[in-house]
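J.: Submitted below is the structure of interest, expressed as structure tokens.
None of the figures in this text is laboratory data; all of them are computed from the coordinates on show. The structure presented is a predicted model; accordingly, all values stated were derived computationally and were not measured. Glycine gets a Cβ as well: all are built from the backbone with ideal geometry, and neighbour counts include every protein chain shown.
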Amino acid sequence: MSHNPDSMYRWRRLTPEECAEALADRKALDLPIHSPPHFQSDSTSYYLITAACYEHKHVIGMSPERMRGFERDLVELLSTGCSQVFAWTVLPNHYHALVDAPQILEVLRALGKLHGRNSFTWNGEDSARGRKVWCNAAETAMKSEGHYYASLNYVLHNAVRHGYVEKWTQWPYCNAAEYLERIGRDKAMLIWHAYPLYDYGKDWDPAEL
């Protein structure tokens, strides 16, 4: 996935005080903290949902306010339409969410409507009427417990993978901080090493948690 260097630099040059302020603002939104999954041997309702801006343009990331607002709306939608929301991350040009969604087609339709509302609002704000903002959201069914945990690691690691931050907890627009607080760093590292990302995680260092 390609990046806008100016956008990446903007996020990476945030001071520790600005990062702390963004995290505090995010917590003030009272986003939910969800419980870990309960696997069933025949479960097919766990999905990784991914959507990207058209041509990977950094439309979501035009401002921290837009990022926060979209994260809030996304998590609210998923919390309403899914049985559980395990992990999510919003980046300047795409997002991922790992969910338990028995009615996945309804969730995808709702995401399509959210994308439509975003497109209208953001194109107005950016004086870009007619601009195509989104590609369609796509879902990937989890095939096993290992697939689930590797996908969990992938979502929580995504901002580090794309070079926006050096540690999971530095990215305000995801639930990595809550995840680590809930299960503890030691257990998170065990899960990371038990379910690696292979090439995606080959340069990972424990300090990134």
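J.: So how do Phe86, Phe120 line up by other beta-carbon neighbours within 10 Å, fewest first? Walk me through the numbers before you get to the answer.
T.: Working: Phe86 23, Phe120 12.
Listed from fewest to most nearby Cβ atoms, that is Phe120, Phe86.
J.: Would you work out if region 90-209 is rounded, prolate or oblate? Take a ≥ b ≥ c from the square roots of the eigenvalues of the alpha-carbon gyration tensor; rounded if a/c is under 1.5, else prolate when a/b is larger than b/c, oblate otherwise. Walk me through the numbers on the way to the answer.
T.: Values: a/c = 2.42, a/b = 1.61, b/c = 1.50.
Prolate, since a/c reaches 1.5 and a/b exceeds b/c.
J.: While we're looking at this one, here's another question. Report, in listed order, any pair from Lys57/Lys187; Lys57/Lys167; Lys113/Lys143; Lys57/Lys113 with a Cα-Cα distance greater than 31 Å. Before the final figure, lay out the partial values.
T.: Working: Lys57/Lys187 36 Å; Lys57/Lys167 24 Å; Lys113/Lys143 28 Å; Lys57/Lys113 20 Å.
Distance filter (> 31 Å) returns Lys57/Lys187.
J.: Can you pull the one-decimal nm distance between simple spin-label points at Ala138 and Lys113, each 7 Å off the Cα toward Cβ?
T.: Each label point lies 7 Å from its Cα, and together they span 2.5 nm.
J.: Mind sorting Cys174, Cys135 by how few other Cβ atoms lie within 10 Å of their own Cβ, fewest first?
T.: Details: Cys174 26, Cys135 15.
Fewest-to-most ranking of Cys174, Cys135: Cys135, Cys174.
J.: Follow-up question, since we're still on this one. What's the whole-number percent of alpha carbon pairs in region 91-149 lying beyond 19 angstrom?
T.: Working: 729 of 1711 pairs.
It works out to 43 percent of all Cα pairs.
J.: Using a 7 Å offset from the Cα along the Cα-to-Cβ direction at both Arg129 and Gln103, what is the distance between the two label points in nm, to one decimal?
T.: Between Arg129 and Gln103, the label points sit 3.6 nm apart.
J.: So if R0 is 25 Å, what FRET efficiency would Ser45 and His193 give, r being the distance between their Cβ atoms, rounded to the nearest 0.05? Let's see the in-between values first.
T.: On the way: r = 27 Å, r/R0 = 1.09.
The computed FRET efficiency comes out at 0.40.
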